[in-house]
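Colleague: Okay, here's the structure, questions in a sec.
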Amino acid sequence: MSFEPLLTKHVREPNSFTLDFYLQHEGYDGLRKALAMKPEEVIDLVKASGLRGRGGAGFPTGMKWQFVDKKSPNPKYIACNADESEPGTFKDHLLMERNPHLLIEGCAIGCYAIGAKIAYIYIRGEFFHVQQVLERAIDEAYARGFLGKNVLGSGFDCDVYVHRGAGAYEAGEETALLESLEGKRAQPRNKPPFPAVVGLYGCPTAVNNVETLANVPIILMKGAEWYSKLGPEKNGGPKLFCISGHVKRPGVYEAPMTVTLGELINERAGGVRDGRTLKAVIPGGSSVPILLPTQLDTQASFDGVQKAGSLLGSAGIIVLDDTTCMVWLAENLLHFYRHESCGKCTPCREGTDWLYKILRKIERGAGQMSDLDLLTSVANNIAGKTLCAFGDAAVTPVLTTLKHFRHEYEAHIKEGHCTLPADWRARQGVATHP
Amino acid sequence: MDTVSLTIDGRQITVEKGKTVLQAALENGIHVPYYCYHPGISIDGSCRVCIVKIEKMPKLQTSCSTVCAEGMVIETRTPEVVAARAGVFEFLLVNHPLDCPVCDKGGECPLQDFSYTFGPDQSRMEFPRRVFDGEGVKGDVDFGPTLMLNRQRCILCTRCVRFMRDIDGDAQINIIDRGYGSEIATFQEEGVHSLISGNLMDVCPVGAITTRDYRFKSRPWDNPIAADTICTQCSKGCNTTAWIKAKPEWAKGAQLIRFTPRFNHDVNGYWMCDIGRFEYHWIEGDNRLRQPLEREANLGQQPISWQELTSKLGDRLAAAGTSNPEGVRFLLSAHASHEELFLFRRLTEALLGEPNAVSVSWRYQTKSQPAGSKFIVPPVDAPNVNGARAMGLAPGKVGPVDNDAKADVSALRAAVDAGRVSALYVFDPGPEGSLGDVQWIVDARASGRLPLLIVQGVVLSALARAADFVLPGASYVEKEASYTNDQGTLQGATRVIAPPGEAMEDWQILVNLGVALGVPFTYTSAARVRADIAERYANEPGLAGIATLVFGRPVAARNWLQASNPSERWKWDFMFQDMPPVKGHVDPSAVPMPIGAIPLKEVK
């Protein structure tokens, strides 16, 4: 089946980010269609399309919008989660930089559907240049009446603001994002109440990922049925896959979720580097369990990857070839999680540091066999004991590498050094065999 | 009252709707540990030690943040919960310095107690502990004028952060950095500047925040006596506990070692201000009046016996009253209790036959607090303005004391300045300055316009130095006395310690003086005085129930430790006492545990 990209079709065009270009390609027609409908009808349409959140959890977007407490006397908000910080994920970056009006249109439709007048795009602190692109696009949209008072003469008011974070992974958690938007520390809130009831400034709020909102105009243009048929059941619509690691052509690839991991890695991304063999795949950003080369025929859909024992998450597919030391991988990722833990919950704050220290010790060849059980025990003491999903995310690299590559840990301990000819060592001038 | 029923550990429990699972468990004697939860401040759900298993929920839930729902089934002791909880306790201690032997909190520390009960018996941590400001004593850093901070001991429960945000109204404390590097801090290390900063020591569940006033002065087991009382330093009447340090009779220094707030929903909640907490040193200070004094020509004030003083003073007052009743005046501080106000009133009536002879004064000073503060320290620095009103000694009726309730002694002052007063009797049982401005009395005395000045009080103030007769009375922790606070609530202060030296309880002084003056006083105790008040002011709402008012008593060690911390007391009795026959001779499991004590785990 030939598939024509919907989200990223024009991203290579030099002017793809301008409003003029966007309008030449059916831009804001989705918003026009939405404004001709009743808000409930828009929500029903999105529900019928089966659109699932692209941020990681895959929660149905239409349901999320329906849960927004519309009877509340308070204003409602859309908070667009553009804090794309998951290692191995860079799809929202591309969308916002090369196709910003698609996101703005999605925000406007979302606001209309849930009865909001304001959408905040919470953008990752490091995306300074992307923020400039977005703000330019928002200015253009205001100037042509796609945002602001009385959008397209419909009587609907909509403002979109870009808020740049201060650079914290945890701000990508929806309640931490709201805290950060309010000017507080990016730490998660207790749930319930959920943001749909008590969200930004205590008002009903829908928090949606960039790619999710970018899909909304497409649903309005193409219809729910067409959209849901694109891809396997309950996994409809186009999906962006970020392929990184040891492949010949890393990048963002758009495909319906009927595609398999093998097709994505070997055909779209050109396969692993010459002379190397595939060792493992992390299919959904750094915080999901590893899949092995034997599982390449796994369908790259939310349900397909879950069936294979992992999660599609943010679809950040990290490809690892035989030069990758799995102990080093875990240490590297725990360095990240230790640094990014917000510090609110005891197990995560203290445990990630402990795990990192044990891993560093093993990686340097000073580990003992008992450390492996300790790693498992500490990781299990963190998992499920924290307020948000960060704790579970942080221990996954440890537990999954221990499960599939325990022999590498044992080799480190027995030999006192890493036994793999890892090319990062060669680059850094670290001797493989001291 | 709407209620919900739920099951905790197989027990059917009914609680008020809206309560959390943790509150339901604690109210019903089910032990669930907690750190970030504090009943007086908002819920955070971050320490994770209160996790419990709730049926139909896949993950363990924090009981502090889960509201009870009808039919909930909760387990706090299943192997899953016990193991998970022990895991969190291990995490809490991996970076805690465990310097309990030199930590002020040691012995009354929730981290110690809960770790003993719920934590693992050893840590598997082998890496060096996190150090913020330096090892050992270098870890103690300034945290404002009243507090010290030790970040190593901190477990980041954020109770202090939330106290400042929710109660103080000025969020001076927050966490800086994140994750493993998180630390409690104030802006540019300025420290906490607040009138209610001492509460931070109370809310801190470890020894991270300590008060400069109490730190290193005592350990919990050195304070064997505590008494529940009230603070009288302003019109609020906060409920407090006074702590007495045990020491041999010959040892120097104070016995009164600290004041802590005591929960009273209607008066002070869980809190008290720094004035009441820290400004008590005058009670056992060098400036205290310890014996009666009489001014002798050329010799100045000389000690005199009570007997002599009473008869001499009686003669002088009687003479002054007979020759010129208009010239005898009384100035009472609103620190005077009901008993004292009443006796003065009776005294003046009998002696002079007119109540106008009495003026009541107090200091009025507004306190600087943030606009949104939930704990307001009133400007009236006296506990009993309402009492003076009830007895008709101060203008107004018993009721909320307005914020502009300033004392008016202008008439008395004009009379003194004009030389119309031949004898002035000042009663000032509060701390120095609490009577308001008295310099005009000292000046009048110095210029010879005031022939006779009598001061009954507690501190050798400038006023007392100017007096002809000085009568040493008792401070608010040295007598059983009743006061009516600014909300019209009648409360009693406990006799925590004895008055120093020859000083006497003020009701006794007044009765003795009255007898010397021929007033037929038959009171043998303060309680008798209160009974008479109840009779004579039967319809006064501010004094209702005064005859049956219950006073606290200093409680001996065994009881207060059991009351405040049963587990700790049990441990202390059976595990750490080094003297026979306790250690090694008593099988702890054979001794019935005190009510409320948490069973200890066997340490292998």
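Colleague: Any chance you could give the angle, 0 to 90 degrees and rounded to 10, that helix A:210-222 forms with the longest Cα principal axis of chain A?
Modeller: Long axis of A:210-222 versus the principal axis of chain A: about 50 degrees.
Colleague: PRE reach from B:GLU284 (point 7 Å along Cα→Cβ): which of the range B:203-226 fall under 15 Å by backbone N?
Modeller: Correct set: B:213-226.
Colleague: Something else now. Can you give the percent of C-alpha pairs in chain B whose distance is more than 41 Å?
Modeller: For chain B, the fraction of Cα-Cα distances above 41 Å is 35 percent.
Colleague: Additional query: Counting only protein heavy atoms and a 1.4 Å probe, tell me what percentage of the range B:198-277's accessible area is made up of carbon and sulfur.
Modeller: 55
Colleague: With labels modelled as points extended 7 Å from the Cα through the Cβ direction, what inter-label distance (nm, one decimal) is found for A:GLU4 paired with A:LYS149?
Modeller: A separation of 4.0 nm, rounded to one decimal place.
Colleague: Another question, if that's okay. Å³ per residue of the Cα convex hull, for the range B:107-149?
Modeller: 114
Colleague: Based on the Kirkwood radius over alpha-carbon pairs, what value in µm²/s does the Stokes-Einstein equation return for the translational diffusion coefficient of the range B:1-110 at 10 °C and 1.306 mPa s?
Modeller: The Stokes-Einstein estimate is 106 µm²/s.
Colleague: Still on this model: Can you tell me the order of B:238-245, A:251-258 when each peptide is scored by its average per-residue count of other Cβ atoms within 10 angstrom, highest first?
Modeller: Those peptides, ordered most packed to least, come out B:238-245, A:251-258.
Colleague: Taking chain B as the reference, fit the longest principal axis to its C-alpha atoms, fit the long axis of helix B:79-94 to the helix C-alpha atoms, and give the angle between the two in degrees, 0 to 90, nearest 10.
Modeller: Long axis of B:79-94 versus the principal axis of chain B: about 60 degrees.
Colleague: Can you give me the distance in nm between label points at A:LYS38 and B:ASN174, each placed 7 Å from the Cα along the Cα-to-Cβ direction?
Modeller: 4.5
Colleague: May I ask for the angle, rounded to the nearest 10°, between helix B:506-516 and the longest principal axis of chain B, with both axes built from Cα atoms and the value confined to 0 to 90°?
Modeller: Rounded to the nearest ten degrees, it is 20.
Colleague: Diagonalise the Cα gyration tensor of the range B:177-312 and give the resulting equivalent ellipsoid semi-axes, square root of 5 times each eigenvalue, largest first, whole Å.
Modeller: They are 39, 17, 17 Å, listed from largest to smallest.
Colleague: Run through the range A:319-404 and list the chymotrypsin sites (Phe, Trp or Tyr not before Pro) located in a DSSP loop whose Cβ has at most 11 other Cβ atoms within 10 Å. Could the numbers behind the result be given before it?
Modeller: Numbers: sites: A:TRP328, A:PHE336, A:TYR337, A:TRP354, A:TYR356, A:PHE390; in loops: none.
Here no loop site has a sparse enough neighbourhood.
Colleague: Rounded to the nearest 500, what is the 222 nm mean residue ellipticity of chain B from helices alone, with -39500 (n - 2.57) per DSSP H run of 4+ residues and division by all residues?
Modeller: When only DSSP H runs of four or more count, the value is -6500 deg cm²/dmol.
Colleague: Could you sort the peptides B:406-414, B:387-395 by per-residue average Cβ neighbour count (10 Å cutoff), highest mean leading?
Modeller: Working: B:406-414: 15.3, B:387-395: 22.9.
Going from most to least packed, we get B:387-395, B:406-414.
Colleague: For the range A:14-113, run through the GluC sites (Glu not before Pro) and keep only the ones in DSSP coil with at most 14 other Cβ atoms within 10 Å of their Cβ.
Modeller: Details: sites: A:GLU26, A:GLU40, A:GLU41, A:GLU84, A:GLU97, A:GLU105; in loops: A:GLU26, A:GLU84.
Here the GluC sites (Glu not before Pro) that fit, given the DSSP loop and packing criteria, are A:GLU26.
Colleague: Counting only protein heavy atoms and using a 1.4 Å probe, what share of the accessible area of chain A belongs to carbon plus sulfur, as a whole percent? Intermediate results must be reported in sequence, preceding the final value.
Modeller: Numbers: 8520 of 16550 Å².
Of all accessible area on chain A, carbon and sulfur atoms account for 51 percent.
Colleague: When the accessible area of each residue in the range A:342-366 is compared between its chain alone and the complete protein assembly (1.4 Å probe; ligands, DNA and RNA ignored), which residues differ by at least 50 Å², being lower in the assembly?
Modeller: A:LYS344, A:THR346, A:ARG349, A:GLU350, A:TRP354, A:LYS357
Colleague: Please compute the average number of Cβ atoms from other chains found within 10 Å of each residue's Cβ in peptide A:374-383.
Modeller: That works out to 3 on average.
Colleague: Which whole-Hz ³J(HN,Hα) couplings does the range B:17-31 yield from phi under the Karplus relation 6.51 cos²θ - 1.76 cosθ + 1.60, θ = phi - 60°, glycine and proline marked x?
Modeller: Along the range B:17-31, the couplings run 5, x, 6, 8, 4, 4, 4, 4, 5, 5, 5, 9, x, 9, 7 Hz.
Colleague: Return the value, in Å² to the nearest 100, of accessible area buried between chains B and A (probe 1.4 Å, both sides summed).
Modeller: Rounded to the nearest hundred, the buried surface is 2800 Å².
Colleague: Which of the residue pairs A:LYS191/B:LYS374; B:LYS406/B:LYS479; A:LYS307/A:LYS361; A:LYS9/A:LYS234 have a Cα-Cα distance greater than 30 Å in the structure shown?
Modeller: Listed pairs above 30 Å: A:LYS307/A:LYS361.
Colleague: Over all pairs of distinct alpha carbons, what does the Kirkwood formula give as the hydrodynamic radius of the range A:19-228, in Å?
Modeller: On the way: mean 1/r = 0.0598 Å⁻¹.
This gives a value of 16.7 Å.
Colleague: Assuming R0 = 22 Å, can you tell me the calculated FRET efficiency for the pair A:HIS407 and B:ALA83, based on Cβ-Cβ distance, to the nearest 0.05? Working shown, then result.
Modeller: On the way: r = 28 Å, r/R0 = 1.29.
E between A:HIS407 and B:ALA83, to the nearest 0.05, is 0.20.
Colleague: Report the percentage of all Cα-Cα pairs in the protein assembly as shown whose separation exceeds 53 Å, rounded to a whole percent.
Modeller: Numbers: 199131 of 538203 pairs.
Pairs farther apart than 53 Å: 37 percent.
Colleague: Determine the distance separating the Cα centre of the range B:274-292 from the Cα centre of the range A:361-411; give it in Å without decimals.
Modeller: Cα centroid to Cα centroid, the span is 60 Å.
Colleague: If eta is 0.890 mPa s and T is 25 °C, what Stokes-Einstein diffusion coefficient results for chain A, Kirkwood Rh from Cα pairs, in µm²/s?
Modeller: 109
Colleague: What is the spin-label model distance, in nm, from A:GLN306 to A:ASP274 if the labels are put 7 Å beyond Cα along the C-beta direction?
Modeller: So the label points at A:GLN306 and A:ASP274 sit 4.2 nm apart.
Colleague: Can you work out the PRE-style zone for B:GLN188? Point 7 Å along Cα to Cβ, and I want the residues of the range A:181-198 with backbone N under 11 Å.
Modeller: none
Colleague: Expressed in whole Å with the largest first, what are the equivalent ellipsoid semi-axes of the range B:293-548 derived from the C-alpha gyration tensor as the square root of 5 times each eigenvalue?
Modeller: Values: eigenvalues 153, 94, 65 Å².
Semi-axes from the Cα gyration tensor: 28, 22, 18 Å.
Colleague: Averaging over all projection directions, find the projected area of the Cα convex hull of the range A:238-321 and quote it in nm² with one decimal place.
Modeller: Convex hull of Cα atoms, orientation-averaged projection: 4.3 nm².
Colleague: What relative contact order, as a whole-number percentage, does the range A:19-228 give when Cα pairs under 8 Å and 6 or more residues apart are counted? The partial results should precede the final answer.
Modeller: On the way: 408 pairs, mean separation 66.3, N = 210.
Relative contact order comes out at 32 percent.
Colleague: Still on this structure: Can you list the GluC sites (Glu not before Pro) in the range B:163-268 that are in a DSSP coil and have 16 or fewer other beta carbons within 10 angstrom?
Modeller: B:GLU190, B:GLU249
Colleague: Let me ask something additional. Take the Cα pairs of the range B:220-286, get the Kirkwood Rh, then feed it into Stokes-Einstein at 10 °C and 1.306 mPa s and tell me D in µm²/s.
Modeller: Numbers: Rh = 12.7 Å.
In µm²/s, the coefficient rounds to 125.
Colleague: Taking H as built 1.01 Å from N, whose amide H comes closer than 5 Å to the amide H of B:SER475, not counting residues under 5 places away?
Modeller: Excluding prolines and chain starts, which carry no amide H, there are no hits.
Colleague: Another question, if that's okay. Could you state the accessible area per residue of the protein assembly as shown in Å², with a 1.4 Å probe and every protein chain left in place?
Modeller: Value for the protein assembly as shown: 40 Å² per residue.
The values are calculated or read from the model by the stated rules, or taken from the named source; none is laboratory data. What you see is a predicted model; the values in this text were computed from it and never measured. For neighbour counting, all protein chains shown are included, and Cβ atoms are generated from backbone atoms with ideal geometry for every residue, glycine included. Protein only, heavy atoms only, side chains kept; ligands, DNA and RNA dropped before computing areas. Shrake-Rupley method; radii C 1.70, N 1.55, O 1.52, S 1.80 Å.
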